[in-house]
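The structure appears right after this line, and notes come after that.
Just so you know, all these numbers are worked out from the coordinates, no wet-lab data involved. Not measured: the values here are computed from a predicted model. In this analysis, Cβ positions are derived from the backbone assuming ideal geometry, glycine residues included, and neighbour counts consider all displayed protein chains.
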């Protein structure tokens, strides 16, 4: 029993650390749209923890992360979960095996249905050059917030480092 409690506490600490590290300013919404219906235009800037001043997100990093996000969204819509897992960062893969990841997202897709029409609702940065996009997706029964986190690998590729999905039944 203590072992399970320790695992739960460790898991909650990881989640808490993720949320605390994600307190960044977000782009202000702008009218107009770009793929996939992006509502923000200017790069976000945030003050690094413990330092004054602001750092600006390099435009190429944001563009590369946006391209990677569009790819993940397309793969989610088609249900190609093995490709999402294979193209993700090594740290992402430490959460479980490919078969576990695929089974979980297939189960979620079966219960929630296919989510479409992603609209970007926020963009932020994390310490250590992580980039976070939050999208709102919907279908007839659910509205979902999907949070995608990306980091650049040592080889220079922007890779999925985190994926959180929150589903709400429409009223």
- Taking segment 64-101 and keeping residues free of Cβ contacts under 8 Å to residues at least 24 places away in the same chain, within 19 Å of residue 144 (Cα to Cα) and either crowded, with 19+ Cβ neighbours inside 10 Å or touching a helix residue (DSSP H, G or I) at 6+ places or on another chain (Cβ under 7 Å) (or both) leaves 75, 101
- Report the residue count in segment 96-123 for those that are farther than 16 Å from residue 80 by Cα and out of contact with any strand residue (DSSP E or B) (no Cβ under 9 Å at 6 or more places or on another chain). 1
- Message: Among the residues of segment 102-114, what is the count of those that are assigned to a helix (DSSP H, G or I) and either in contact (Cβ under 8 Å) with a residue 40 or more places away in the chain or loosely packed, with under 15 Cβ neighbours inside 10 Å (or both)?
- Response: 8
- May I ask you to verify whether residue 156 is surrounded by fewer than 18 Cβ atoms within 10 Å (Cβ to Cβ) and within 17 Å of residue 67 (Cβ to Cβ)? yes
- Query: Taking segment 102-134, which residues are touching a helix residue (DSSP H, G or I) at 6+ places or on another chain (Cβ under 8 Å) and farther than 16 Å from residue 146 by Cα?
  - Reply: 102, 129
